[in-house]
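Engineer: Take a look at this one; I'll ask things after.
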There are 2 protein chains.
Amino acid sequence: MENLPEHFDSLFSVDCVIFGFDEGELKILLIERNEAPFNGWFALPGYFVEPIEAIETAAQRILFESTGLKGIFMEQFYTFGALGRHPQGRVITVAYYAMIRLIGNKEVAPLPTAHFAKRAVWMSIKDMPELAFDHSRIFRKSFEKIKNKISYQPIAFELLPEKFTLTQLQQLYEVVLNKKLDKRNFRKKMLAYDILKELDEKQKGVSYRAAKLYKFDKRKYAKNFQKELSFTR
Amino acid sequence: MENLPEHFDSLFSVDCVIFGFDEGELKILLIERNEAPFNGWFALPGYFVEPIEAIETAAQRILFESTGLKGIFMEQFYTFGALGRHPQGRVITVAYYAMIRLIGNKEVAPLPTAHFAKRAVWMSIKDMPELAFDHSRIFRKSFEKIKNKISYQPIAFELLPEKFTLTQLQQLYEVVLNKKLDKRNFRKKMLAYDILKELDEKQKGVSYRAAKLYKFDKRKYAKNFQKELSFTR
DNA sequence: AATATAAGGTGTATTTTTTACACTAAGCAA
DNA sequence: TTGCTTAGTGTAAAAAATACACCTTATATT
């Protein structure tokens with residue numbers, strides 16, 4: 001949410017909660033504002049929707065401006081329209097979450113192009129500061145949603161590299177669900193879903209026994225799933 | 001979604017999918033338009049959000065104008081903002097679903113106050129015609145959401161009278177999930193959740209053995225539920 | 001070459017949950 | 001009194017979830 005443009009028919013904006021997973025931590029992309037209001041605060045990437053622009057398109061545009069990436073998994077999750085959520089007038093924000101493959105891609109999050117941003121950072125959700133506007137609330141809602149969603153839809157794979165180990169996958173579930181999972185049970189259950197393809201390839205560059213790599217297999221998933229994933233333990 | 005007002009800063013509207021349950025059927029409240037565009041078509045109750053009005057407030061207002069009721073269970077579920085969804089210009093709609101206790105209350109749905117509506121009707125979801133604008137799509141999305149939600153949150157009770165029988169409750173689950181459930185298993189599971197209060201009272205006015213009445217017990221629910229309901233069979 | 005280190009990988013027994021399934025009881029109406 | 005209609009109930013089998021510990025493998029260190 002930013003300063004209001006000079007002319008507008010509609011005070012909509014889109015804000016994006018962009019998740020990444022790296023070093024065993026769930027992170028989100030924040031920008032540091034260098035403009036009033038909330039100068040110096042961290043905020044979610046977001047901007048006004050153009051008068052002739054679908055919301056979905058605006059969300060993709062903001063994601064591209066923040067990360068340089070296109071074709072990213074993205075989902076609308078809630079619309080915030082309380083009075084007083086923006087100090088300069090009534091603004092309605094449609095919020096999206098998105099998921100980026102960060103592992104082996106630390107350079108994602110270039111200097112943001114938006115004029116009101118000093119820099120962009122990947123912030124671990126453990127270290128989240130209070131955010132500008134009502135963005136802390138937006139973040140919390142997004143986190144609830146993905147926590148729920150990861151338990152029955154294969155969104156975890158959007159955060160992992162194409163080839164990943166079962167340990168990486170488990171760590172991701174653990175950090176999202178905020179709960180320790182049993183290694184043997186996790187693997188048994190995940191493999192039983194029969195949605196992964198085991199590769200003839202191993203992890204590289206580790207100083208211990210290398211783990212097998214797996215891919216998410218969309219075709220198997222489509223075949224096997226009228227049922228849903230379910231992860232709690 | 002209606003004709004555009006003369007002046008506006010923002011083209012937001014709110015549309016409501018208002019569910020009711022009666023005669024073993026799930027119904028939604030539709031209005032029949034008597035104005036272009038879509039003159040004569042059925043549509044969801046909805047209207048523009050005032051420039052100084054929270055979205056939530058607008059939703060409650062529309063619900064009140066459509067039903068005469070206040071304090072109804074209501075939840076925002078999606079925002080529709082494609083270009084071209086409204087023939088007269090770009091309109092963004094925040095959609096809500098709401099749930100009304102219809103059983104023993106057939107008079108809910110007075111003549112709607114909105115000028116563009118000829119009449120309001122409770123339409124069984126089995127008989128749904130194609131709706132004006134993109135309202136069919138909005139309805140389908142709302143139905144997906146409540147289907148999902150009823151499986152793990154106690155929203156069914158919002159559609160039943162305060163005192164209900166287990167058979168009514170089961171019928172409601174069956175019609176929402178679109179799936180026949182086993183009577184013994186349903187009762188066993190529902191009672192095991194320990195969220196109902198069994199009353200010393202029976203159904204009246206039926207020409208067969210009267211069933212016991214139950215109430216949803218919010219206090220028990222709050223106590224017992226960090227876990228969630230789960231109904232599939 | 002031997003050893004230490006760190007994560008990878010695996011199976012079984014127990015408990016809990018889900019499922020399938022059919023008859024008697026109660027109340028009203030004719 | 002009989003017939004009709006829905007209410008109400010239990011058990012056994014199958015499936016899913018849980019708890020739990022040790023050997024293997026690759027690399028790094030001495």
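Since every read-out is calculated from the coordinates, none of them should be taken as a lab result. Here the structure is a predicted model, which is why all the values come from computation and not from measurement. Cβ atoms come from the backbone with ideal geometry, glycine included; neighbour counts cover every protein chain shown.
Engineer: Using only the alpha carbons, work out the radius of gyration and Dmax of chain A in angstrom.
Structural biologist: Values for chain A (Cα only, Rg and Dmax): 19.1, 61 Å.
Engineer: Continuing with this model, one more query. In the protein assembly as shown, how does Rg compare with the Kirkwood Rh, expressed as the Rg/Rh ratio over alpha carbon atoms?
Structural biologist: Values: Rg = 24.6 Å, Rh = 24.7 Å.
Across the protein assembly as shown, the Cα-based Rg/Rh ratio is 1.00.
Engineer: From the cross-link list A:Lys147/A:Lys202; A:Lys149/B:Lys145; B:Lys141/B:Lys218; B:Lys188/B:Lys220; A:Lys145/A:Lys223, which pairs have alpha carbons spaced over 20 Å apart? Kindly include the intermediate steps, with their values, before the conclusion.
Structural biologist: Details: A:Lys147/A:Lys202 29 Å; A:Lys149/B:Lys145 13 Å; B:Lys141/B:Lys218 28 Å; B:Lys188/B:Lys220 17 Å; A:Lys145/A:Lys223 26 Å.
The pairs that break the limit, which is 20 Å between Cα atoms, are A:Lys147/A:Lys202; B:Lys141/B:Lys218; A:Lys145/A:Lys223.
Engineer: Taking the radius of gyration and the Kirkwood hydrodynamic radius from Cα positions alone, what is the Rg/Rh ratio for the range B:56-173, to two decimal places? Don't jump to the answer; show the numbers that get you there.
Structural biologist: Values: Rg = 15.4 Å, Rh = 16.0 Å.
Computed over Cα atoms, the ratio is 0.96.
Engineer: Note down the nm distance, to one decimal, between modelled labels 7 Å out along Cα→Cβ at A:Asp217 and at B:Ala82.
Structural biologist: Each label point lies 7 Å from its Cα, and together they span 3.4 nm.
Engineer: Assuming 1.002 mPa s and 20 °C, estimate D for the range A:161-224 with Stokes-Einstein, Rh taken as the Kirkwood radius over Cα pairs, in µm²/s. Can you show the working numbers first?
Structural biologist: Working: Rh = 12.7 Å.
Once the numbers are plugged in, D ends up at 169 µm²/s.
Engineer: Residue by residue, what Karplus-based ³J(HN,Hα) values in Hz, rounded to whole numbers, does the range A:92-106 have, using 6.51, -1.76 and 1.60 with θ = phi - 60° and x for Gly and Pro?
Structural biologist: Working through the residues one at a time gives 9, 10, 8, 9, 10, 10, 9, 10, 10, 7, 9, 4, x, 8, 4 Hz.
Engineer: Convert each backbone phi in the range B:183-199 into a coupling constant with the Karplus relation 6.51 cos²θ - 1.76 cosθ + 1.60 (shift: θ = phi - 60°), then list the ³J(HN,Hα) values in order as whole Hz, x for Gly and Pro.
Structural biologist: Values, residue by residue: 4, 5, 5, 4, 5, 4, 5, 4, 5, 5, 5, 6, 10, 10, 10, 7, 9 Hz.
Engineer: Between B:Arg140 and A:Ile125, what FRET efficiency comes out of the Förster formula 1/(1 + (r/R0)^6) with R0 = 35 Å and r the beta carbon distance, rounded to 0.05?
Structural biologist: With a Förster radius of 35 Å, E is 0.55.
Engineer: Could I ask something else about it? Taking the Cβ of each residue in A:Tyr78, A:Tyr221 as the centre, tally the other Cβ atoms inside 10 Å and list the residues starting with the fewest.
Structural biologist: On the way: A:Tyr78 21, A:Tyr221 17.
By the 10 Å Cβ count, ascending: A:Tyr221, A:Tyr78.
Engineer: Let me ask another. How much net charge surrounds B:Asp127 when only the other residues with a Cβ under 11 Å from the Cβ of B:Asp127 are counted, with Lys and Arg +1 and Asp and Glu -1? Can you show the working numbers first?
Structural biologist: Values: positive: B:Lys27, B:Lys126; negative: B:Glu25.
Here the charged neighbours net out to +1.
Engineer: What order do you get for B:Thr57, B:Thr67 when you list them from fewest to most C-beta neighbours inside 10 Å?
Structural biologist: Values: B:Thr57 16, B:Thr67 21.
Lowest count first: B:Thr57, B:Thr67.
Engineer: Which FRET efficiency value, to the nearest 0.05, is calculated for A:Leu191 and B:Ala36 with the Förster distance at 45 angstrom and r the Cβ-Cβ distance?
Structural biologist: Details: r = 58 Å, r/R0 = 1.30.
With R0 = 45 Å, the Cβ-Cβ based efficiency is 0.15.
Engineer: Sticking with this structure for a sec: Let me check I've understood the local charge: for B:Lys220, count other residues with C-beta under 9 angstrom from its C-beta, Lys and Arg +1, Asp and Glu -1. What total comes out? Don't skip to the answer; put the middle values down first.
Structural biologist: Numbers: positive: B:Lys197, B:Lys218, B:Arg219, B:Lys223; negative: B:Asp194, B:Asp217.
Taking every other residue near B:Lys220 into account, the sum is +2.
Engineer: Can I ask one more? Can you give the translational diffusion coefficient of the range B:115-214 in µm²/s, computed by Stokes-Einstein from the Kirkwood radius over Cα pairs at 25 °C and 0.890 mPa s? Can you show the working numbers first?
Structural biologist: Working: Rh = 16.0 Å.
Translational diffusion coefficient: 153 µm²/s.
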